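Here's the structure, in structure tokens; my notes come after.
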Amino acid sequence: MNVKQLSLFLENKPGHLENALKVLADRNINIITLTIAEASDFGIVRMIVNKPEEAVKALKESHFTCSLTDVLAIEIEDKPGSLLKALHAFSKHNLNIEYMYAFTEKRGDKAVMIFRFDDIEKAKTSLLEEGYSIVKNIDIIGA
């Protein structure tokens with residue numbers, strides 16, 4: 001049920017992201033969505049790809065530092081206040097969000113948000129209890 005997210009650590013210099021993405025393109029690995037968090041000297045590229053294990057292997061073979069992390073993709077209503085409502089549910093269950101970002105496509109009339117929690121199993125149980133739909137990895141990558 002968890003979504004596998006690829007985290008790629010890059011020096012914050014021109015061409016580094018391009019070189020990493022070329023490794024993925026050469027292996028026919030499709031990026032479904034991504035976000036970049038940066039500091040002055042480095043960046044963390046977080047992405048959902050269609051072949052996460054193959055992506056990590058290819059990047060490591062090319063001397064990139066990367067890892068796979070479990071995240072949750074959660075459907076929320078696509079209207080004002082929906083994210084706030086979800087955050088309230090997280091607080092109610094004492095769930096700590098490490099980070100989040102929006103998925104690039106909607107699922108029907110729902111928006112999809114990607115969340116990394118400090119306790120992903122507790123988060124799944126709590127969110128299902130609150131009536132949230134958790135999107136499966138296979139539904140995200142379209143495999």
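Every number here is computed from the coordinates shown, using simple stated rules; none is lab data. For clarity, every value in this text was computed on a predicted model and none was experimentally measured. Note that each Cβ is placed from the backbone with ideal geometry, even for glycine, and that neighbours are counted across all protein chains shown.
In plain terms, if you count all Cα to Cα distances in the chain and split them into 10 Å steps from zero, the share in each step is 11, 40, 32, 16, 2 percent. Farthest towards the positive end of the charge dipole of region 47-106, among the residues Val49, Phe64, Ile74, is the Cα of Ile74, using unit charges on the Cβ of Lys, Arg, Asp and Glu. Less than 20 Å apart at the alpha-carbon level, and either on another chain or at least 8 residues along: which lysines does that give for Lys22? Qualifying lysines at Cα under 20 Å: Lys13, Lys51, Lys57, Lys60.
Charges were assigned to the Cβ only: +1 to each Lys and Arg, -1 to each Asp and Glu. The resulting dipole of region 3-70 about its Cα centre is roughly 160 debye. Near Gly43: Cβ cut-off under 14 Å, other residues only, Lys/Arg at +1 and Asp/Glu at -1. The net charge is -2. Between the Cα long axis of helix 120-129 and the first principal axis of the chain there is an angle of about 30°, rounded to the nearest 10.
As a calculated quantity, the FRET efficiency between Lys110 and Ser62 at R0 = 41 Å, using C-beta atoms, amounts to about 0.65.
A simple spin-label model places the labels of Glu130 and Leu83 1.5 nm from each other, with each point 7 Å out along Cα-to-Cβ.
The angle separating the long axis of helix 82-92 from the principal Cα axis of greatest extent in the chain is about 80 degrees.
Computed about its Cα centre, the charge dipole of the chain is approximately 160 debye, with only Lys, Arg, Asp and Glu carrying charge at their Cβ.
Between Arg27 and Lys92, the C-beta separation translates, for a Förster distance of 41 Å, into a calculated FRET efficiency of about 0.45.
Over region 19-137, what is the relative contact order in whole percent, taking alpha-carbon pairs under 8 Å and six or more residues apart? Computed value for region 19-137: 23 percent relative contact order.
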